[in-house]
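What follows is a short report on a single structure.
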Amino acid sequence: MESHIERVLWTQDEIAARVSDLASQISADLVTGSPPPVMVGVATGAFLFLADLVRQIKLPITVDFIRAESYGCGTESSGKPTISFDSKLDVAGKHVILVEDIVDTGSTLACLIAHMESKGASSVSVCTFLDKPARRKVHIHLLGQGKFYTGFQCPDYFVVGYGMDFAELYRNLPYVGVLKPELYK
């Protein structure tokens, strides 16, 4: 798999340091109280990021997953995300933090925020591992007192590793790297 990577953008150590910083920011911003906030990981890409992040938050939280699909096996978002697996926890009256692997066009994230609002969430924050603002097509409107947390700003490359994939491969790489274009074009 290593030979499929054009170059590494963020190493395992750089990722660990940034995740620790994000967990500290979120912990400082969250008000301890009832009910605890709900951390909702967007499957499947955010699973490693979510696991590393929540282990460093020193406050009561609950954790759940939701699955939204917009890429299939390609490299371009369809722009029409669908929720194929909903979270099971009741978010009504609670602060939700959506944990994403990457925010690209913003379509999936906008869909998920609207979905959490329809389920009665009092506020929605976003914590994305990577943000690609150059590809944004949809303006992100957070709910209530929601905040937008970003791990790294990502250049416009197709990246894999640390949970992110191409055709379900490369998720297990401990770093984030640029996939060689000849492998997906």
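Among the candidates Y162, Y149, Y157, Y175, single out the residue that is open to solvent by 10 Å² or more (accessible area, probe 1.4 Å) and more than 16 Å from the chain's Cα centre (by Cα). Before you say what the answer is, go through the steps one by one.
Details: Y162 fails: more than 16 Å from the chain's Cα centre (by Cα); Y149 fails: more than 16 Å from the chain's Cα centre (by Cα); Y175 fails: more than 16 Å from the chain's Cα centre (by Cα).
None of the other options fit; the residue is Y157.
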Quick check: is even one residue across segment 144-165 out of contact with any strand residue (DSSP E or B) (no Cβ under 9 Å at 6 or more places or on another chain), at pLDDT 95 or above and closer than 25 Å to P35 by Cβ? no
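So which of A114, A92, A134 is closer than 21 Å to L9 by Cα, open to solvent by 40 Å² or more (accessible area, probe 1.4 Å), not in a strand (DSSP E or B) and not polar (S, T, N, Q)? Walk me through how you get there before you give the answer.
Details: A114 fails: closer than 21 Å to L9 by Cα; A92 fails: closer than 21 Å to L9 by Cα.
Testing whether each residue is closer than 21 Å to L9 by Cα, open to solvent by 40 Å² or more (accessible area, probe 1.4 Å), not in a strand (DSSP E or B) and not polar (S, T, N, Q) leaves just A134.
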Cβ pairs under 9 Å, 6+ apart, first in segment 164-181 and farther than 17 Å from D104 by Cα, second assigned to a helix (DSSP H, G or I) and among the aromatic types (F, W, Y): R171/F47
State which residue is least open to solvent (accessible area, probe 1.4 Å) when the search covers only segment 22-42 and only residues that are of a type in the set (G, A, S) and under 19 Å from D90 (Cβ atoms). G41
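The values are calculated or read from the model by the stated rules, or taken from the named source; none is laboratory data. Everything numeric here is computed off the predicted structure, so don't read it as measured data. Backbone-built Cβ (ideal geometry, glycine too); neighbour counts: all protein chains shown. Just the protein is used for accessible areas: all its heavy atoms, side chains included, with ligands, DNA and RNA removed. Shrake-Rupley method; radii C 1.70, N 1.55, O 1.52, S 1.80 Å.
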